Amino acid sequence: MTWLELYGRAVDSGEAAAGYYNRNVGLATPEGKVNVRIPIAAADTMDVRLWREEEVLAAIRPYAGRVPELRHVSDAPRFQVHHFIAGRVLDGFSPRGAAVPEHVLTDVVTLMDQLTRIPREKVPELPAYWPASGDGPAFGRLLADLTRQVHSLHVDEYREAFALLGIPEDPLAVVGPLWDGLTPRPFSVLHADLHRKNMIVADGATWFLDWELALWGDPMYEIGIHFHKMDYPEEQRAAVLRLWRERLRSECTAGPAADLDLYMAHEKIKSAVVDTVRYSKQLAAAPRPEREFLIGRLVKKVNAARQVWGAPPDLTFERVEEALAPWWKG
């Protein structure tokens with residue numbers, strides 16, 4: 001069977017695990033099971049994209065062991081083939097807010113440490129506009145600029161919904177002046193999307209998937225976005241932070257708690273804006289139970305951002321349902 005034939009089987013398959021940017025189809029081959037990864041052409045860009053995923057996997061493979069092995073890359077049509085990792089997706093048995101197995105905490109910090117040890121000359125090329133290593137303020141503003149672009153692109157269509165949810169006209173004004181105060185830390189490879197749906201647990205070990213959003217940046221951002229997306233119970237969050245400060249080199253973890261708080265504040269704002277748009281588009285075809293699930297999640301996300309904006313976290317399910325009614329009612 002050729003790689004193109006394998007791709008055709010994946011396209012025709014009715015069974016796929018879809019993220020926001022890619023479909024993943026597990027297929028059996030004579031050499032063993034593989035994962036065919038196909039970009040979703042209609043996906044809006046809601047995150048900073050730096051490198052092609054296959055470039056990242058090739059660069060990190062000698063340093064980080066529990067990542068997908070790249071088997072094939074095609075540009076036309078665009079797809080990748082990875083070795084198939086058999087196990088359980090963490091989110092399937094430990095959803096957001098629940099405690100995770102203790103080894104996951106260690107595995108996450110081990111990966112973060114491994115990524116900080118990849119030499120600069122081993123990572124893919126950086127564009128000319130990318131901030132210099134250690135320039136945390138420029139890196140933070142780069143992240144915020146993408147969030148601002150997403151807001152600007154959709155504000156006309158979502159102006160009424162944003163107002164009902166309490167999203168300010170300039171949602172990033174509250175964090176903008178704070179970037180200049182970030183502590184300098186040497187940049188490293190960041191996964192930048194370490195959450196429960198991107199982790200597979202197999203035989204007491206954690207494998208880390210979906211490297212399409214990997215960045216070269218401040219290691220403090222890695223743990224900040226991880227905390228935001230994992231939603232650990234407080235005791236496990238504290239344990240991860242303690243391990244992170246113990247295991248990583250001191251120059252990678254230097255700085256006050258305010259640096260971590262700033263990155264997390266940005267992620268809360270970004271989630272409120274981005275997920276209002278994402279979820280509204282999903283609601284039209286969603287059955288009632290899924291619609292209620294998405295609305296409930298958005299309540300939590302926007303209430304978290306409201307606290308950053310200095311507003312009470314009193315947004316209700318009914319208010320979010322009303323704000324998104326033009327989309328789910330059609």
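The values are calculated or read from the model by the stated rules, or taken from the named source; none is laboratory data. The structure displayed is predicted, hence computed values, not measured ones. Here Cβ is always computed from backbone atoms with ideal geometry, including for glycine, and neighbour counts include all displayed protein chains.
Looking at this structure, is ALA58 without any contact (Cβ under 8 Å) to a residue 12 or more places away in the chain and surrounded by fewer than 16 Cβ atoms within 10 Å (Cβ to Cβ)?
Working: without any contact (Cβ under 8 Å) to a residue 12 or more places away in the chain: no; surrounded by fewer than 16 Cβ atoms within 10 Å (Cβ to Cβ): yes.
No, not satisfied.
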*Determine if segment 123-131 includes at least one residue that is charged (D, E, K, R) and surrounded by 17 or more Cβ atoms within 10 Å (Cβ to Cβ).*
no
_Which residue is surrounded by the fewest Cβ atoms within 10 Å (Cβ to Cβ), if the candidates are limited to segment 151-166 and must be out of contact with any helix residue (DSSP H, G or I) (no Cβ under 6 Å at 6 or more places or on another chain) and not acidic (Asp, Glu)?_
SER152
*Would you be able to say whether some residue in segment 59-82 is of a type outside the set (Gly, Ala, Ser) and closer than 26 Å to VAL273 by Cα?*
no
*Give SER280, SER250 a once-over and let me know the one that is in contact (Cβ under 8 Å) with a residue 12 or more places away in the chain and hydroxyl-bearing (Ser, Thr, Tyr).*
SER280
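Select the helices (runs of 4 or more DSSP H) contained entirely in segment 241-330, then report the ones holding at least 2 residues which are modelled with pLDDT of 95 or more. Don't jump to the end; show me each part of the working.
On the way: elements: 250-253, 257-283, 288-308, 317-323, 325-328.
Passing ranges, in order: 250-253, 257-283, 288-308, 317-323.
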*Taking into account only those residues within segment 109-122 that are within 27 Å of GLN236 (Cα to Cα) and either out of contact with any strand residue (DSSP E or B) (no Cβ under 7 Å at 6 or more places or on another chain) or modelled with pLDDT under 95 (or both), which is surrounded by the fewest Cβ atoms within 10 Å (Cβ to Cβ)?*
ARG117
_Search result, residues across segment 214-231 that are surrounded by 21 or more Cβ atoms within 10 Å (Cβ to Cβ) and part of a loop (DSSP other than H, G, I, E, B)_ = ALA214, ASP218
*Just name the residue that is surrounded by the fewest Cβ atoms within 10 Å (Cβ to Cβ) out of those in segment 1-47 that are among the aliphatic types (A, V, I, L, M) and part of a helix (DSSP H, G or I).*
LEU4
*Of all residues in segment 23-52, which are within 28 Å of TRP216 (Cβ to Cβ), in contact with a His (Cβ under 8 Å, 6 or more places away or on another chain) and small (Gly, Ala, Ser)?*
none
*Among (1) hydrophobic (A, V, I, L, M, F, W, C); (2) in contact with a helix residue (DSSP H, G or I) (Cβ under 8 Å, 6 or more places away or on another chain); (3) in contact (Cβ under 8 Å) with a residue 60 or more places away in the chain, which single condition is ALA98 missing?*
(2)
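Check VAL67, VAL73 and return the single one that is closer than 22 Å to PRO39 by Cα, free of Cβ contacts under 8 Å to residues at least 24 places away in the same chain and not in a helix (DSSP H, G or I). Outline the logic, then answer.
Numbers: VAL67 fails: free of Cβ contacts under 8 Å to residues at least 24 places away in the same chain.
Result of the check over VAL67, VAL73: VAL73.
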